[in-house]
Amino acid sequence: MSHLVAPSVLSADFNHLGRDAEMINNSQADWFHVDVMDGVFVPNISFGFPVIKALKKLATKPLDVHLMIVQPERYITQFRDAGADILTVHLEASTHLHRTIQAIKATGMKAGVALNPHTSVTLLEDIIVDIDLVCMMSVNPGFGGQKFIQHTFKKVEDLSNMIRRHETECHIEIDGGVTLDNYQKLVHTGATVLVAGNTVFGSENPTSTIAALKQPLN
Ligand code: DX5
Ligand code: ZN
């Protein structure tokens, strides 16, 4: 299967959210990537339930919701009710990660785990068979438009090997600093989902940039 592309709504124009959602609907994008920040887990605050509910009404594609919040287990059903299809929590933010993952799956959503750049992939060894997606942060979470951290390639390789060893199926999503220059190497290394904020919304023609990010490997 070819890789998926998930434009990050964080970089959209919130004065024209309907227009930007429509652009994603009509593009080759696969998912909407939706970043929720609480100002505690990360040094920024983005948006919450009312905006996600509004997006759900606009979007014809799955909402991939990335929680950058402390104690994410407190809000699982609210995110499901707001319209999340995939719910990703940070490993660093959930003490009882196994319980949190089971609770997400019990609501019918797909469950993901996000890792900060400094967090070792080896910490996923005992949860990898239970999850649908790993969100590999390739920048320190909190802001769009940051520079890609090169060490991510090594982590993608390690994670890819782990998934193979366990004979399980799990998406490897890359989040932060994905560009037209690095996406091919990322997919080649094992990435299956590319999040892109600034690369898409900062471009002249977001629709064709999405199409470019969807191009298969050379
Ligand atoms: C960062 C967010 C990302 C962000 C990516 O904390 O998790 O999803 O929107 O933006 P770009 O692609 O601009 O790095
Ligand atoms: Zn994200």
Under 22 Å from LYS147, Cα to Cα: lysines that are on another chain or at least 8 residues apart: LYS155, LYS185, LYS214
Length gained if ALA54 through LYS185 is fully extended, taking 0.36 nm per residue and subtracting the Cα-Cα distance, is 43.7 nm
Please report the relative contact order for the chain, taking Cα pairs under 8 Å with a sequence separation of at least 6, and give it as a percent rounded to a whole number. 22 percent
What's the whole-number percent of alpha carbon pairs in the stretch 50-108 lying beyond 16 angstrom? 39 percent
Is it possible to state the helix-based mean residue ellipticity at 222 nm for the chain, with each DSSP H run of 4+ residues giving -39500 (n - 2.57), the sum divided by total residues, to the nearest 500 deg cm²/dmol? What is it? -9000 deg cm²/dmol
What is the magnitude of the charge dipole of the chain about its Cα centre, with +1 placed on the Cβ of each Lys and Arg, -1 on the Cβ of each Asp and Glu, and no other charges, expressed in debye to the nearest 20? 180 debye
Across the stretch 173-186, in residue order, what do the Karplus-derived ³J(HN,Hα) couplings come to in whole Hz, using 6.51 cos²θ - 1.76 cosθ + 1.60 with θ = phi - 60° and x for Gly and Pro? 9, 9, 10, x, x, 6, 10, 5, 7, 10, 5, 5, 5, 5
DSSP bridge pairs, the chain: antiparallel proportion in percent, nearest 5: 5 percent
If the convex hull is drawn through the Cα atoms of the stretch 69-150, its volume per residue in Å³: 100 Å³
For the stretch 101-195, what does the alpha-carbon gyration tensor say about shape, rounded, prolate or oblate, given a ≥ b ≥ c as the root eigenvalues, a/c under 1.5 as rounded, and a/b over b/c as prolate? prolate
At q = 0.12, 0.19, 0.20 Å⁻¹, what log₁₀ I(q)/I(0) does a Debye calculation on the Cα points of the stretch 1-121 give, no solvent, two decimals? -0.43, -1.06, -1.15
For the stretch 112-121, in order, what is each residue's ³J(HN,Hα) by Karplus, 6.51 cos²θ - 1.76 cosθ + 1.60 with θ = phi - 60°, in whole Hz (x at glycine and Pro)? x, 10, 9, 10, 5, x, 8, 8, 6, 4
With an 8 Å Cα cut-off and a minimum separation of 6 or more residues, compute the relative contact order for the stretch 22-105 in percent. 29 percent
Coarse-grained scattering of the stretch 4-213 at q = 0.15, 0.18 Å⁻¹, given as base-10 log I(q)/I(0) from a Debye sum over alpha-carbon atoms: -0.90, -1.34
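Readers should treat all values here as calculations from the given coordinates under stated rules, not as data from a laboratory. Bear in mind that the values here come from a model prediction, so they are computed numbers and not experimental data. Because the Cβ atoms are built from the backbone with ideal geometry, glycine has one as well, and the counts that use them run over all protein chains shown.
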